[in-house]
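Undergrad: To start, I am sharing the structure in question, which I have written as structure tokens.
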Amino acid sequence: MGPKASKPSRPPPLGTVTSQDRAVLDLKNTRDRLSKYSKSLSSAEERLLAKAKALSRQGKKDRALMLLKLRKRKAKELENVETQLLQVLQMVETLQWSTEQARVVAALKEGKDALRAMHDRVSVDDVLGLMDDVEEGRAEAMAISDALAQLGEGDMAEEEEVQEELRRMEEGMEEGPKYDVEDLPDVPVSMPVAPSGGLQKEKEKDEEKEIERVAVAA
């Protein structure tokens, strides 16, 4: 078996002070000290020059020369400090840029790992199958909707037929039954007269029957 591949280092959580952060902080402190020392040397150089001029005017050339030599050493030291300060500034910028690059690379790798994990959980086949299921469900819903619409149309047509039949029935009730005038019998103009002889005979017969009943009873 070959050697195990070492796991890539994960970026530290936010707020953690890394070795790069400490290095940048040390360089910035050095930069501040060198900058302050450079200003001090520049001020000392100006003071030495002013004193040397004053001594020269007083005729004290030996002391003036000594101050000028001291000023020259200060100027040389100032050049060295300025060079070191420039190097420190360049180092700070380089280290900061490298730190940012490392963070960008770590973030990109983290995103790549997350994307790969997502692809492992959801494959292309799963997505295609899901799309097919969604399309099938949509087609089924449309078919159900069409069937309900057709059912509603049938009920509406049947309702219209029933309403029309009711309307015709009501019209027939209002108009009443219709007959042909030729089929009706003729209406008599005068009242019929019953024969008087027949009624008189019947009346006489009734009287005779009544007399017989009374005689029998006596």
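Undergrad: Compute the length gained on full extension between S40 and S56: take 0.36 nm times their separation in residues and subtract their Cα-Cα distance, giving the result in nm to one decimal. Present the calculation step by step, with values, prior to reporting the outcome.
TA: On the way: separation 16, 0.36 × 16 = 5.76 nm, distance 2.43 nm.
Going from the current span to full extension adds 3.3 nm.
Undergrad: Turning to a different aspect of this structure: As an exercise, use a Förster radius of 41 Å and the Cβ-Cβ distance of V124 and Q101 to find the FRET efficiency, rounded to the nearest 0.05. All intermediate terms of the calculation are to be shown ahead of the outcome.
TA: Numbers: r = 34 Å, r/R0 = 0.83.
Computed FRET efficiency for V124 and Q101 comes out at 0.75.
Undergrad: Cross-link list K51/K72; K53/K74; K36/K74; K36/K69; K51/K74: which exceed 19 angstrom alpha carbon to alpha carbon?
TA: From the list (K51/K72; K53/K74; K36/K74; K36/K69; K51/K74), the Cα-Cα distance tops 19 Å for K36/K69.
Coordinate-derived values only; no laboratory data. All of these numbers come straight from a predicted model, not from anything done at the bench. We place every Cβ from the backbone using ideal geometry, glycine too, and count neighbours over all the protein chains shown.
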